[in-house]
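Chemist: Right, I'll just put the structure down here and ask away after.
The values are calculated or read from the model by the stated rules, or taken from the named source; none is laboratory data. Only a predicted model underlies this, so the values are computations on that prediction, with no experimental measurement involved. No Cβ is skipped: glycine too gets one built from the backbone with ideal geometry, and neighbour counts run over all protein chains shown.
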Amino acid sequence: PPSQKWRPFCLRFEGVVEDFNYGTLLRLDSRREYSEENTIFATRIQFFAIEIARNREGCNDEVYSSARGPAQEQQSG
């Protein structure tokens, strides 16, 4: 369950986001892959909130670029 600080935020999405309180895995450091050391258990809405913030701040750009690979970057560039 979410901590007391997260609870009011999470409950705002009850009935709005399907399975908002289901558990999911979240990377602690967005620059690194999922691993035992870099992964925690969070609720779905926490995952969405953190990943949206990371995307807005450009934190996932490096991971996105490396997943696309050089061939795709040349085609679009």
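Chemist: Residue 26 passes all but one of (1) touching a residue at least 12 places away in the same chain (Cβ under 8 Å); (2) of a type outside the set (Asp, Glu); (3) not in a strand (DSSP E or B); which number fails?
Modeler: It is condition (3) that residue 26 fails.
Chemist: While we're looking at this one, here's another question. Output the residues belonging to the range 29-39 that are surrounded by 11 or more Cβ atoms within 10 Å (Cβ to Cβ) and modelled with pLDDT of 95 or more.
Modeler: Matches in the range 29-39: 38, 39.
The rows are residues; the columns are (1) touching a Cys at 6+ places or on another chain (Cβ under 8 Å); (2) modelled with pLDDT under 90; (3) surrounded by 10 or more Cβ atoms within 10 Å (Cβ to Cβ).
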site: 8; (1), (2), (3): no, no, no
site: 43; (1), (2), (3): yes, no, yes
site: 46; (1), (2), (3): yes, no, yes
site: 63; (1), (2), (3): no, yes, yes
site: 71; (1), (2), (3): no, yes, no
